[in-house]
Amino acid sequence: GVFSVWKRRPRAVSAEECDVLNAAIDVVGRQLKDPAYSESPQSRQESRDIIAKLRAVESGQPTRAESAPPPAAPPPVLAAPQHDLPQLAVVA
């Protein structure tokens with residue numbers, strides 16, 4: 001499993017990998033909460049999807065979010081125009 005691989009080969013864990021583990025816990029929780037749901041086609045597909053993601057994490061493959069291109073740079077912030085305001089003299 002994922003944890004045994006991480007134990008044998010310690011490395012930094014990404015936020016996306018933690019998201020996959022949290023999603024897996026959510027899937028199991030839904031299935032335990034409602035046994036009828038666990039037999040549904042939706043639950044079976046959900047299980048297949050999360051197992052595929054867990055296998056990708058286990059093998060060190062990038063998750064979908066990690067393999068996506070980086071977001072575009074934000075547009076530049078334009079400076080407000082400078083106005084010629086009178087200077088105040090400091091009197092000591």
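Output the number of the condition that residue 17 fails; it satisfies all remaining conditions of (1) open to solvent by less than 100 Å² (accessible area, probe 1.4 Å); (2) modelled with pLDDT of 85 or more; (3) over 16 Å from the mean Cα position of the chain (by Cα).
The failed condition is (3).
Restricting attention to the stretch 1-14, which residues are of a type in the set (A, V, I, L, M, F, W, C), open to solvent by 60 Å² or more (accessible area, probe 1.4 Å) and outside any loop (DSSP other than H, G, I, E, B)?
Residue satisfying the conditions is 3 alone.
Being in a helix (DSSP H, G or I) and among the small types (Gly, Ala, Ser) is the filter here, so list the residues in the stretch 28-52 that pass it. Give the steps one after another, and end with the answer.
Let us first name the residues in the stretch 28-52 that are in a helix (DSSP H, G or I), namely 28-33, 35-38, 41-52.
Listed by number, the residues that qualify are 29, 36, 38, 43, 47, 52.
From the residues in the stretch 20-52 that are open to solvent by less than 100 Å² (accessible area, probe 1.4 Å) and acidic (Asp, Glu), which one is farthest from the chain's Cα centre (by Cα)?
34
Just to be sure before I move on: is residue 44 at pLDDT 90 or above and closer than 17 Å to residue 3 by Cα in the structure I sent?
no
The values are calculated or read from the model by the stated rules, or taken from the named source; none is laboratory data. On a predicted model such as this, the values are computed, not experimentally measured, just so you know. To get the accessible areas, we keep the full protein, side chains included, count just its heavy atoms, and leave off ligands, DNA and RNA. Shrake-Rupley method; radii C 1.70, N 1.55, O 1.52, S 1.80 Å.
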